[in-house]
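Enquirer: Mind looking over this structure? Questions follow.
The values are calculated or read from the model by the stated rules, or taken from the named source; none is laboratory data. Keep in mind the model is a prediction, meaning the values are calculated, not measured. With ideal geometry, Cβ positions are generated from the backbone for all residues, glycine too; neighbour counts draw on all protein chains shown.
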Amino acid sequence: MTIPDEYNKVSVTKAGLLKSAPHRQAAQDFLDFLTGEESQQIFQKFGFGPANK
């Protein structure tokens, strides 16, 4: 589906690791996944730009 430019809104979603995260390694693993090759392919497939570190 193509959305006309006047209705399309670009948004930025951020992710980060909190100092007080109770499951710090799981959070880091998730961030690594978000910026990894597999998720980049998924993002591209659905029309999203790349995740940046």
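Enquirer: How many residues, within region 4-53, are in a loop (DSSP other than H, G, I, E, B), among the aliphatic types (A, V, I, L, M) and modelled with pLDDT of 85 or more?
Expert: Residues that pass the stated criteria total 5.
This table checks each residue for (1) surrounded by 11 or more Cβ atoms within 10 Å (Cβ to Cβ); (2) polar (S, T, N, Q); (3) in contact (Cβ under 8 Å) with a residue 12 or more places away in the chain.
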position	(1), (2), (3)
Ile3	no, no, no
Lys19	no, no, no
Gln28	yes, yes, no
Asp32	yes, no, no
Gln41	no, yes, no
